[in-house]
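Report on the structure given below.
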There are 2 protein chains.
Amino acid sequence: MPALSDVLSQAAKNNDAALERLFELLKIPSISTDPAYQAQCQQAADWLVADLKSFGIDASRRDTPGHPMVVGHSAPVAGKPRLLFYGHYDVQPVDPLDLWHNDPFAPALETQGGNSVIRARGAADDKGQLMTFIEACRAWHGIHGELPCEICFLFEGEEESGSPSLIPFLNENAEELKSDLALVCDTGMWDQNTPAISTMLRGMAGEEVTIIGPNKDLHSGMYGGPAQNPIRVLSKMLAGLHDDQGRVTLEGFYDDVPELPEEIAVQWQNLKFDAQQFLGAVGLSEPAGEKNYSALEQVWSRPTCEFCGITGGYTGEGFKTVLPSRASCKISFRLVGQQDPQKILASLRKYIEDHLPSDCSVEFKNHGASPATVMSIDSPAFAKARQALSDEWQSEAVYAGCGGSIPVVGDFHNYLGMDSLLIGFGLDDDQIHSPNEKYDLRSFQKGINSWIRVLDAVTGKG
Amino acid sequence: MPALSDVLSQAAKNNDAALERLFELLKIPSISTDPAYQAQCQQAADWLVADLKSFGIDASRRDTPGHPMVVGHSAPVAGKPRLLFYGHYDVQPVDPLDLWHNDPFAPALETQGGNSVIRARGAADDKGQLMTFIEACRAWHGIHGELPCEICFLFEGEEESGSPSLIPFLNENAEELKSDLALVCDTGMWDQNTPAISTMLRGMAGEEVTIIGPNKDLHSGMYGGPAQNPIRVLSKMLAGLHDDQGRVTLEGFYDDVPELPEEIAVQWQNLKFDAQQFLGAVGLSEPAGEKNYSALEQVWSRPTCEFCGITGGYTGEGFKTVLPSRASCKISFRLVGQQDPQKILASLRKYIEDHLPSDCSVEFKNHGASPATVMSIDSPAFAKARQALSDEWQSEAVYAGCGGSIPVVGDFHNYLGMDSLLIGFGLDDDQIHSPNEKYDLRSFQKGINSWIRVLDAVTGKG
């Protein structure tokens with residue numbers, strides 16, 4: 001019976017071909033949010049179907065009201081679990097195009113800071129990442145003639161445009177997709193030498209609050225003084241949402257926020273997170289969040305209330321002495337632990353209504369609400385995967401938090417009753433969603449090896 | 001020697017012709033802010049030159065780097081003062097055009113609420129108003145063969161676009177223009193039966209404040225918590241600019257704000273200003289300004305700090321979980337009494353800098369600063385003009401405040417050492433700067449009579 005090392009050797013032999021295949025996929029401008037690229041999204045889906053079929057996967061394009069899903073199945077393996085692998089083939093838009101040094105859809109291998117990097121839109125998010133798993137499976141199949149367990153592949157084409165078709169698709173195909181565990185490759189390493197499994201993802205709730213005063217814009221000479229000014233009303237409300245300690249003042253906001261488990265807290269301390277460097281990279285120097293929490297805790301394990309956009313009155317060039325009729329702010333909450341997004345939004349609405357002066361009214365518009373995801377790291381698969389990653393990278397893998405939200409993980413949990421193992425090889429400087437996106441060649445190649453080891457660990461032993 | 005009544009009769013005889021002349025002027029789309037209408041602005045200036053010449057005024061078009069001025073002179077009259085009359089022939093743009101019931105440059109006499117109104121862009125602001133004075137002079141000239149004193153006519157073509165050429169023109173032609181008193185017809189009546197002389201104009205200072213945090217927009221998942229959020233910083237600053245009593249908190253803000261003179265206070269009380277109606281017209285019900293001041297005092301005699309526009313982060317449709325790099329607010333102050341705009345702006349800047357957290361910076365951009373204008377109503381011309389207006393309208397004229405600013409009045413004072421007598425016949429429902437602008441025919445005809453009486457009073461007696 002072939003050994004793990006045979007599969008790793010097979011992957012190494014495939015390296016050049018694997019890179020060529022990735023380049024083929026990167027050349028397809030599958031920008032999901034722009035209707036002009038609908039055909040290209042279908043083309044990327046078809047490419048994936050063909051690539052899965054090339055090593056025996058029963059794959060097909062599954063059309064939706066939006067861009068198609070790709071679903072593939074390998075044969076069941078007696079006594080082994082069934083795993084689902086998720087990735088997305090769509091990419092972000094590329095504007096501003098003039099900030100790119102190359103054509104974003106002409107992938108190239110370049111040298112950056114002494115490393116080989118794959119430069120293209122989607123290199124890291126998420127085509128490069130999803131191909132690490134496909135190549136791992138191809139190498140395994142090449143040696144064993146089958147995969148180590150039954151694997152269901154699910155590739156989405158709308159991740160960058162809000163995933164409108166995902167939940168209906170999960171619901172309609174629940175039996176087909178439901179597996180023992182989901183593997184998701186859309187996250188990052190802790191640093192370029194330290195692999196990570198993301199076990200805590202913050203949830204999110206977004207609400208747009210519009211304060212309306214006079215029934216039209218007024219002249220600040222005619223009405224300045226006696227008329228309510230919605231910008232002033234809104235500013236006062238926003239200013240009251242945080243106290244001097246940086247804590248959110250909404251009633252009940254911290255009710256369901258757990259303190260960090262000791263094991264995780266110690267691990268995070270050992271990471272020796274460089275807050276100076278993290279903040280320095282964006283022109284800042286001091287953590288501005290809740291007092292008495294480290295910058296890392298502020299991002300990974302503490303909830304926030306942020307103002308993502310504000311507008312009211314005249315915002316063009318020059319000056320207009322207008323008293324605006326309305327002013328609005330897009331407010332987002334990052335949620336942790338068991339915080340209930342609906343409860344938080346209700347508390348926000350109550351706060352706004354309680355502070356609304358007479359003569360003003362308010363409109364609320366919801367922009368989504370999803371709770372935090374906290375993986376149960378007690379499950380044996382986590383420890384096995386962690387060991388596999390540590391073996392490949394020769395550095396102990398960490399259980400990391402993630403400040404952002406990956407809604408698919410919550411959807412898998414809610415609609416398919418399935419936990420997710422989040423492993424990815426992105427780096428902080430990959431410039432995802434920005435010009436000149438890249439993926440380190442090392443991330444790609446060791447990413448393939450990592451998945452081979454994880455598959456081996458999760459399916460082979462115990 | 002002909003009597004005042006002869007001149008008034010002459011004006012009555014001219015009524016139809018006067019309306020025709022006004023319509024001719026209203027047909028010219030002299031929109032000063034839009035370069036596409038440059039020729040039409042010149043055409044309006046030429047029309048005025050010809051019209052002044054038609055009753056013996058030595059008038060000419062005076063080109064400037066912008067739109068031309070029109071200057072006209074009548075002959076000096078021994079023992080009589082020299083007066084300057086100011087008006088402007090340019091008009092506001094007409095968009096949104098689809099809200100107009102008629103072509104804005106096809107003037108028409110219509111009936112509205114039982115009154116005859118002249119409907120056209122510029123009917124009230126300011127072509128109709130300036131023609132009241134020209135027609136008064138024409139009638140006077142028709143009877144007397146001369147004007148009652150030397151009059152210098154000054155018509156501007158850039159009032160609606162910031163008057164860039166005005167101050168240079170005043171400076172270059174100071175000797176030619178300097179008069180004993182300026183008459184300005186660009187204000188309104190107290191109500192449709194009560195004429196007014198505006199004796200207090202609030203000043204204005206405008207400043208744009210931009211708070212800068214991170215050096216680029218950040219992802220609220222990646223950085224939400226430890227990163228400074230400029231919208232939050234700005235909101236807190238704005239919220240601190242007013243106390244619970246509606247007073248501006250800036251240091252020294254009220255130092256040079258006088259209490260209202262008893263005489264004026266009594267007069268204003270007697271006006272029985274209907275705050276409910278004033279606010280009700282714009283969907284409000286309660287004065288929201290400084291406590292313990294009436295709505296009328298809040299607009300006419302109290303200073304304000306208003307937020308005219310705010311922007312930061314993502315303000316488009318939908319939602320983007322961005323932490324913005326910057327947020328800015330356009331802040332305007334209405335000033336009264338002896339408040340020094342520069343001192344107020346310095347106090348604002350100090351307040352912002354004192355409240356700036358580490359890791360944030362601020363940019364200031366000034367958008368003008370002019371002090372309040374308070375006429376010395378002790379000058380005999382004010383009492384005489386007030387009596388003349390009371391005679392024409394059979395209702396006691398009031399000394400009114402004006403919440404807005406009329407910069408030319410300050411410019412006349414500063415550059416020509418000349419006070420202004422502000423008399424106008426506009427009404428609150430004239431829709432100036434809006435679609436369907438109108439000017440009551442009664443305002444036009446009794447306005448002509450009013451000027452005849454004012455000229456008689458100011459030059460004939462005492």
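Which residues, taken from region B:302-321, are touching a Ser or Thr at 6+ places or on another chain (Cβ under 7 Å) and surrounded by fewer than 21 Cβ atoms within 10 Å (Cβ to Cβ)?
B:T315 - this is the single residue of region B:302-321 that is touching a Ser or Thr at 6+ places or on another chain (Cβ under 7 Å) and surrounded by fewer than 21 Cβ atoms within 10 Å (Cβ to Cβ).
If a residue has to be charged (D, E, K, R) and modelled with pLDDT under 95 to count, how many in region A:214-240 make the cut? Working first, answer last.
Taking region A:214-240 and keeping what is charged (D, E, K, R), we get A:216-217, A:232, A:236.
Then drop every residue that is not modelled with pLDDT under 95, which leaves A:216-217.
Of the residues in region A:214-240, 2 are charged (D, E, K, R) and modelled with pLDDT under 95.
Looking at region B:350-371, is at least one residue touching a Phe, Trp or Tyr at 6+ places or on another chain (Cβ under 9 Å), under 19 Å from B:V458 (Cα atoms) and either of a type in the set (D, E, K, R) or touching a residue at least 60 places away in the same chain (Cβ under 8 Å) (or both)?
Within region B:350-371 (the criterion being touching a Phe, Trp or Tyr at 6+ places or on another chain (Cβ under 9 Å), under 19 Å from B:V458 (Cα atoms) and either of a type in the set (D, E, K, R) or touching a residue at least 60 places away in the same chain (Cβ under 8 Å) (or both)), the answer is no, since none of the residues qualifies.
Being at pLDDT below 90 and within 14 Å of chain A (Cβ to nearest Cβ) is the filter here; which residues of region B:345-384 pass it?
If the condition is that a residue be at pLDDT below 90 and within 14 Å of chain A (Cβ to nearest Cβ), then B:H367, B:G368, B:A369, B:S370, B:T373 are the ones that fit.
Could you grab me the full set of residues in region B:263-303 that are acidic (D, E) and in contact with a helix residue (DSSP H, G or I) (Cβ under 8 Å, 6 or more places away or on another chain)? Don't jump to the end; show me each part of the working.
Here is the first cut: in region B:263-303, the ones acidic (D, E) are B:263, B:274, B:286, B:290, B:297.
Passing the criteria: B:E286, B:E290, B:E297.
Go through region A:34-68 and count every residue that is within 22 Å of the chain's Cα centre (by Cα) and either over 14 Å from A:E158 (Cα atoms) or loosely packed, with under 14 Cβ neighbours inside 10 Å (or both).
Total satisfying the criteria: 1.
For region B:180-199, how many residues meet the condition of being closer than 21 Å to B:G72 by Cβ and either in contact with a helix residue (DSSP H, G or I) (Cβ under 8 Å, 6 or more places away or on another chain) or free of Cβ contacts under 8 Å to residues at least 60 places away in the same chain (or both)? Give the derivation first.
From region B:180-199, those closer than 21 Å to B:G72 by Cβ are B:180-186; that's our starting set.
Now drop any that are not either in contact with a helix residue (DSSP H, G or I) (Cβ under 8 Å, 6 or more places away or on another chain) or free of Cβ contacts under 8 Å to residues at least 60 places away in the same chain (or both), which leaves B:181-186.
Qualifying residue count, region B:180-199: 6.
Suppose we keep only residues that are modelled with pLDDT of 95 or more and not in a strand (DSSP E or B) within region A:194-213. Which one would you say is farthest from the other protein chains (Cβ to nearest Cβ)?
Among those that are modelled with pLDDT of 95 or more and not in a strand (DSSP E or B), it is A:P195.
The values are calculated or read from the model by the stated rules, or taken from the named source; none is laboratory data. Predicted model only: the values in this text are computed from it and were never measured. As a convention, Cβ positions derive from the backbone with ideal geometry for all residues, glycine included, and neighbour counts pool all protein chains shown.
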